[in-house]
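Undergrad: There's a structure below that I have some questions on.
The values are calculated or read from the model by the stated rules, or taken from the named source; none is laboratory data. Quick caveat: nothing in here was measured; it's all calculated off a predicted structure. Cβ sites come from the backbone with ideal geometry, for glycine too, and all protein chains shown count toward neighbours. Please note that ligands, DNA and RNA were not included when accessible areas were found on the heavy atoms of the full protein model with its side chains. Shrake-Rupley method; radii C 1.70, N 1.55, O 1.52, S 1.80 Å.
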Amino acid sequence: MLIYASKRFGIAVLVAITVSLLSFSLIYLSGDPAMALAGESATQEDIENIRRVYGYDQPLVVQYTNWLTKALVGDFGYSNYMRVNVADIIFARLPTTMTLGGCALLFALVLSIPLGVLAAMRPNTMIDRFALSLAVVGQALPSFWFALILVFWLGITWQVLPITGTASWLNFVMPSVALGYYITPAVMRLTRAGMLEVLTSDYIRTARAKGLRPPVVLFKHALRNAIIPVVALAAVQFGFMLGGSIVIETIFAINGLGYLAWESIQRGDLPMMQAIVLILACFYIVLTFLADMLNAFLDPRIRVG
Amino acid sequence: MSNILEVENLVVDIPVSAGMLHPVQGISFSVGRGETLCIVGESGCGKSLTALSVMDLLPSSASRNADRLILDGEDILGVDERRMSDLRGDRMGMIFQEPMTSLNPAYTIGNQLEEALLRHRNVPRQEARDRAIYLLEKVGITAAASRLRQYPHQLSGGLRQRVMIAMTLMCGPDLIIADEPTTALDVTIQAQILLLLAELQKEFHMGLMLITHDLGIVARVADRVAVMYAGQIVESGTAEKVFGNPSHPYTQGLLDCIPIPGKTKRGAHLGSISGIVPSLVGDLSGCRFHDRCDYATPECTAADVDLKAGESTDHAYRCLLSPAQCAENAKRKVPA
Ligand SMILES: Nc1ncnc2c1ncn2[C@@H]1O[C@H](COP(=O)(O)OP(=O)(O)OP(=O)(O)O)[C@@H](O)[C@H]1O
Ligand SMILES: [Mg+2]
């Protein structure tokens, strides 16, 4: 287990370094950063000044190391636009986005796993068809459109849920549903396919030959094995959801990381964007690592070599 | 000898795209306490489905019918799934062909062994663990206590099959059904496992229904033999009778396929039965074996052939020829 964990950890670190390189290079993506900072009416002298002050005149390797060592201790520099510490803003907004992502994931899993299990238990029946059509519709529905539908019916027509803000947990209901619904089809289909395969396996027959009761056969013996690939998928999808939260947070005016990203893109606030990309990516890497560990816990063939 | 299991006129039908498949067509047999019944026959003749019928573990598309299905005096033909699951694993256990995949990869050997007992008996876990260790030692596994913490993928196929055997013994069943328990194993351990089963069967005085291809083993362990062909029993009786006086051309063919050390000349052709098993879809009539039989006559296809009692009551065969004719034929065939 320790060997496996340290291998996975090594890979995670490598990916993190790659990601940091990419997000560092973001600064140069839109041309000369000093020129961009100085504005249109600046003289050549102003630009050179800025270049020196911000360290853009140094070799790229030095710039990268400086930037990375600062980033590692949580210093992402100053926002060009807001004139405040980037880290302060990001860490103030992060919990909101995490709450949203967590609720959305919870919603998705609570809906899709039981549905997938039911569909696999009764293949080609009404419940299976219902689940499959839900999946097809879900995959075809863009999340922003689904969010707007929710807003229209639940928020405006029936007025049962608040439309914007983060005042109470009620505010999180619609965004979580809109965000989580998007990943439901994939998780459901994988659960269904996994259960269908596992239910015809020899060890399920063995479990029945032992006289075990159906719930024990289903949950202890079947689901435990069928859920293994779902864990990895859920982790990946959670990452996608953090990206998708840009759209959802904008629609529901939730002051999270996604909304901040959208604002920063509009303002061309490079340090802010850089930091958001880096943090979301690292979050994604940590998540994948955790999913690997959870998988190892679930599947002894991974854990015990 | 009281019978643990009595099966009368068992029929299994499975609807398939080409029509109705009749893999088991009216099979009757019984297994006595402390008795070993061997079922032999070539691939696809319905041996596994017969075994699964007794356990009521047939695929959901299959339908099962019988005149009588009695386990230990209890009619299990019409009982509900709840009662059946009480009997499975407790009064009767089954060992399957594929030891590599028959154990759940996610749980330890110990967990899976203990579970078998805890499901049926209200005993503390420690007692289940002790019984698991005792039985693992019984089936010839060393360092049993430490094996309990291992996972199936850490064991070889032979060990896994031993674990499966121990698992079916957890509740001390009256009947064990072993469906080709060694087909997937190395030749070197096949005999070991089969003899182990036979030994345990004697020691615990259980009924054993053993499905196997290994006629050598059958000759050593069987009290009674049932030879199946295309969904029917074509010959059954005590091992002595069936092996000593094979009265169906198919049985003779099977026996000709075994080389006998010393008797069969080196380099001589091994016997084989030409042709393939007929399709079991749709209406079937006449002797199922006629198109592969050297002695078939037009009469053979005219109507179904019934099981006839042989010279003694504990021998029956399904052929129009008399055993004497059959033996005659067999003798004539040998020099050729
Ligand atoms: N679920 C199923 N659906 C359709 N046909 C089946 C099914 N299970 C078995 N059969 C068919 O029923 C027939 C008998 O199968 P069975 O498994 O009992 O044979 P067997 O004698 O055990 O053979 P083997 O020695 O290969 O294990 C075969 O022709 C097989 O193809
Ligand atoms: Mg079989």
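Undergrad: Is there a residue in the range B:87-102 that is basic (Lys, Arg), more than 11 Å from A:Lys210 (Cα to Cα) and at the interface with chain A (Cβ under 9 Å from one of its Cβ atoms)?
TA: Looking only at the range B:87-102, we keep the residues that are basic (Lys, Arg), and these are B:88, B:91.
Checking the rest, the ones that are also more than 11 Å from A:Lys210 (Cα to Cα) come to none.
Within the range B:87-102 (the criterion being basic (Lys, Arg), more than 11 Å from A:Lys210 (Cα to Cα) and at the interface with chain A (Cβ under 9 Å from one of its Cβ atoms)), the answer is no, since none of the residues qualifies.
Undergrad: How many residues are open to solvent by 40 Å² or more (accessible area, probe 1.4 Å), free of Cβ contacts under 8 Å to residues at least 40 places away in the same chain and not in a helix (DSSP H, G or I) if we restrict to the range A:62-101?
TA: Qualifying residue count for the region: 5.
Undergrad: Could you tell me whether any residue of the range A:91-114 is modelled with pLDDT of 85 or more, farther than 30 Å from A:Asn171 by Cα and assigned by TED's automatic domain parsing to the domain that holds A:Pro185?
TA: Looking through the range A:91-114, none of the residues is modelled with pLDDT of 85 or more, farther than 30 Å from A:Asn171 by Cα and assigned by TED's automatic domain parsing to the domain that holds A:Pro185.
Undergrad: Oh, and also: Report, by residue number, each residue of the range B:35-76 that is among the charged types (D, E, K, R), away from chain A (no Cβ under 14 Å) and either out of contact with any strand residue (DSSP E or B) (no Cβ under 7 Å at 6 or more places or on another chain) or more than 11 Å from ligand 2 (Cβ to nearest atom) (or both). Break it down into steps so the answer makes sense when it comes.
TA: Residues of the range B:35-76 that are among the charged types (D, E, K, R), as a first pass: B:35, B:42, B:47, B:56, B:64, B:67-68, B:72, B:74-75.
Imposing the further condition that a residue be away from chain A (no Cβ under 14 Å) reduces the set to B:35, B:42, B:47, B:64, B:67-68, B:72, B:74-75.
B:Glu35, B:Glu42, B:Arg64, B:Asp67, B:Arg68, B:Asp72, B:Glu74, B:Asp75, listed by residue number.
Undergrad: Considering each of A:Val173, A:Val187 in turn, give the residue that is more than 12 Å from chain B (Cβ to nearest Cβ) and open to solvent by less than 40 Å² (accessible area, probe 1.4 Å). Let's see the steps before the verdict.
TA: Numbers: A:Val173 fails: open to solvent by less than 40 Å² (accessible area, probe 1.4 Å).
After ruling out the rest, the residue left standing is A:Val187.
Undergrad: While we're looking at this one, here's another question. Out of the residues in the range B:1-13 meeting the condition of being part of a strand (DSSP E or B) and open to solvent by 20 Å² or more (accessible area, probe 1.4 Å), tell me which one is farthest from B:Asp90 (Cα to Cα).
TA: Residues of the range B:1-13 that are part of a strand (DSSP E or B), as a first pass: B:3-13.
If we keep only those that are open to solvent by 20 Å² or more (accessible area, probe 1.4 Å) as well, we get B:3, B:6, B:8-9, B:11, B:13.
Values: B:Asn3: 17, B:Glu6: 18, B:Glu8: 23, B:Asn9: 25, B:Val11: 25, B:Asp13: 28 Å.
Step by step, filter the range B:1-13, then rank; the result is B:Asp13.
Undergrad: Just name the residue that is surrounded by the fewest Cβ atoms within 10 Å (Cβ to Cβ) out of those in the range B:162-193 that are more than 16 Å from ligand 1 (Cβ to nearest atom), touching a residue at least 12 places away in the same chain (Cβ under 8 Å) and farther than 28 Å from B:Glu6 by Cβ. Explain how you work it out, then say what you get.
TA: Restricting attention to the range B:162-193, the residues satisfying the condition of being more than 16 Å from ligand 1 (Cβ to nearest atom) are B:162-176, B:186-189, B:191-193.
From the residues that got through so far, the ones that are touching a residue at least 12 places away in the same chain (Cβ under 8 Å) too are B:162-176, B:186, B:189, B:191-193.
Those left that are additionally farther than 28 Å from B:Glu6 by Cβ: B:162-163, B:186, B:189, B:191-192.
On the way: B:Arg162: 24, B:Val163: 24, B:Asp186: 11, B:Ile189: 17, B:Ala191: 15, B:Gln192: 16.
By that ranking, first place goes to B:Asp186.
Undergrad: Yes or no: A:Ala222 within 11 Å of another protein chain (Cβ to nearest Cβ) and of a type in the set (A, V, I, L, M, F, W, C)? Walk me through how you get there before you give the answer.
TA: On the way: within 11 Å of another protein chain (Cβ to nearest Cβ): yes; of a type in the set (A, V, I, L, M, F, W, C): yes.
Yes, satisfied.
Undergrad: Assuming B:Arg121 fulfils every condition listed in (1) open to solvent by 40 Å² or more (accessible area, probe 1.4 Å); (2) at pLDDT below 95; (3) away from ligand 2 (no atom under 16 Å from the Cβ); (4) within 14 Å of chain A (Cβ to nearest Cβ) apart from one, which condition is it?
TA: Result: B:Arg121 passes all but (2).
Undergrad: If you go through the range A:7-42 one residue at a time, how many are modelled with pLDDT of 85 or more and open to solvent by 70 Å² or more (accessible area, probe 1.4 Å)?
TA: 9
Undergrad: (1) open to solvent by 40 Å² or more (accessible area, probe 1.4 Å); (2) within 14 Å of another protein chain (Cβ to nearest Cβ); (3) not small (Gly, Ala, Ser): which one isn't true of B:Glu114, the others all being true?
TA: Evaluating B:Glu114 over (1) open to solvent by 40 Å² or more (accessible area, probe 1.4 Å); (2) within 14 Å of another protein chain (Cβ to nearest Cβ); (3) not small (Gly, Ala, Ser) leaves (1) as the failure.
Undergrad: Continuing with this model, one more query. Looking at the range B:225-250, I want the residues that are free of Cβ contacts under 8 Å to residues at least 60 places away in the same chain and have a partner that is acidic (Asp, Glu) and open to solvent by less than 10 Å² (accessible area, probe 1.4 Å) with Cβ atoms under 8 Å, at least 6 apart or on another chain. Which pairs are those?
TA: Short answer, once both residue conditions are applied: B:Tyr250/B:Glu235.
Undergrad: A further question on this structure: What tally of residues in the range B:20-73 results from selecting those that are open to solvent by less than 50 Å² (accessible area, probe 1.4 Å) and away from ligand 1 (no atom under 16 Å from the Cβ)?
TA: Final tally of qualifying residues: 9.
Undergrad: Here's another thing I want to ask about it. Being under 25 Å from A:Ser133 (Cα atoms) and within 13 Å of chain B (Cβ to nearest Cβ) is true for just one of A:Ile204, A:Ile248, A:Ile228. Which residue is that?
TA: Details: A:Ile204 fails: under 25 Å from A:Ser133 (Cα atoms); A:Ile248 fails: within 13 Å of chain B (Cβ to nearest Cβ).
The match here is A:Ile228.
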